[in-house]
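Everything on this sheet refers to the single structure shown next.
The values are calculated or read from the model by the stated rules, or taken from the named source; none is laboratory data. Model, not experiment: these values are computed from the prediction. So basically every Cβ, Gly included, is an ideal-geometry build from the backbone, and we count neighbours across all protein chains shown.
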């Protein structure tokens with residue numbers, strides 16, 4: 001299963017008319033390689049702008065405060081390995097901001113460690129403060145007005161750091177394979193169905 005494999009131009013990774021928002025964009029490896037009308041990279045690191053391609057907008061700040069992004073203006077939010085670093089209170093605020101900026105039918109797309117599969121080493125990273133599994137994160141998203149479209153408990157290894165070269169073709173083959181050895185990260189794609197709490 002590949003992220004967005006069943007929804008390319010309409011709302012997956014390559015929609016040219018969509019607005020895509022990437023959390024914790026780091027060096028821009030992901031956002032620099034997607035195609036859409038508007039690309040927004042959010043990261044607390046001020047140096048992020050130096051690594052973004054022309055046409056990618058940088059928003060420097062916390063993902064719990066998306067004040068530079070308009071209401072109902074985004075089609076696609078991508079968060080990779082970030083929510084485990086938020087407290088529960090910060091996560092609640094972040095999801096409220098995601099609901100605010102997403103258009104109706106927009107999606108949040110998440111890759112992160114699955115605690116059910118990596119509990120033995122989960123807290124080897126001292127910056128991990130919250131625990132989520134594919135089940136608990138799916139339930140949290142549902143409670144916040146989202147419908148789960150895809151959930152892959154085993155999606156990627158916990159890390160791709162290796163002494164051996166990491167070839168793009170090998171990663172593509174791994175994602176396409178029904179068997180994923182060492183996969184301890186999950187993939188969840190969820191759609192915002194309605195304004196949460198709207199009366």
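Values computed for the structure shown
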item: Qualifying positions in the range 128-141 - free of Cβ contacts under 8 Å to residues at least 40 places away in the same chain and either over 13 Å from residue 83 (Cβ atoms) or in contact with a helix residue (DSSP H, G or I) (Cβ under 6 Å, 6 or more places away or on another chain) (or both); result: 135, 139
item: Members of the range 75-88 found to be closer than 25 Å to residue 158 by Cα and either out of contact with any strand residue (DSSP E or B) (no Cβ under 8 Å at 6 or more places or on another chain) or not in a loop (DSSP other than H, G, I, E, B) (or both), listed by number; result: 76, 77, 78, 79, 80, 83, 84, 85, 86, 87, 88
item: Residue match in the range 158-167 (condition: part of a loop (DSSP other than H, G, I, E, B), at pLDDT below 95 and in contact with a strand residue (DSSP E or B) (Cβ under 6 Å, 6 or more places away or on another chain)); result: yes
item: Filter pass, residue 52 being in contact (Cβ under 8 Å) with a residue 12 or more places away in the chain, surrounded by 18 or more Cβ atoms within 10 Å (Cβ to Cβ), farther than 21 Å from residue 149 by Cβ and in contact with a helix residue (DSSP H, G or I) (Cβ under 6 Å, 6 or more places away or on another chain); result: no
item: Test for residue 94: is it in contact with a strand residue (DSSP E or B) (Cβ under 9 Å, 6 or more places away or on another chain), modelled with pLDDT of 95 or more and not in a strand (DSSP E or B); result: yes
item: Pairs, first on the phi > 0 side of the Ramachandran plot and part of a loop (DSSP other than H, G, I, E, B) in the range 98-127, second surrounded by fewer than 22 Cβ atoms within 10 Å (Cβ to Cβ) and modelled with pLDDT under 95, C-beta under 8 Å, six or more apart; result: none
item: For residue 28: the one exception among (1) part of a loop (DSSP other than H, G, I, E, B); (2) closer than 21 Å to residue 99 by Cβ; result: (2)
item: Which numbered condition residue 72 misses (of (1) surrounded by fewer than 16 Cβ atoms within 10 Å (Cβ to Cβ); (2) touching a residue at least 40 places away in the same chain (Cβ under 8 Å)); result: (2)
item: Flag if residue 30 is modelled with pLDDT of 90 or more and within 19 Å of residue 189 (Cβ to Cβ); result: no
item: Residue match in the range 174-187 (condition: modelled with pLDDT under 75, surrounded by 13 or more Cβ atoms within 10 Å (Cβ to Cβ) and over 18 Å from residue 108 (Cβ atoms)); result: yes
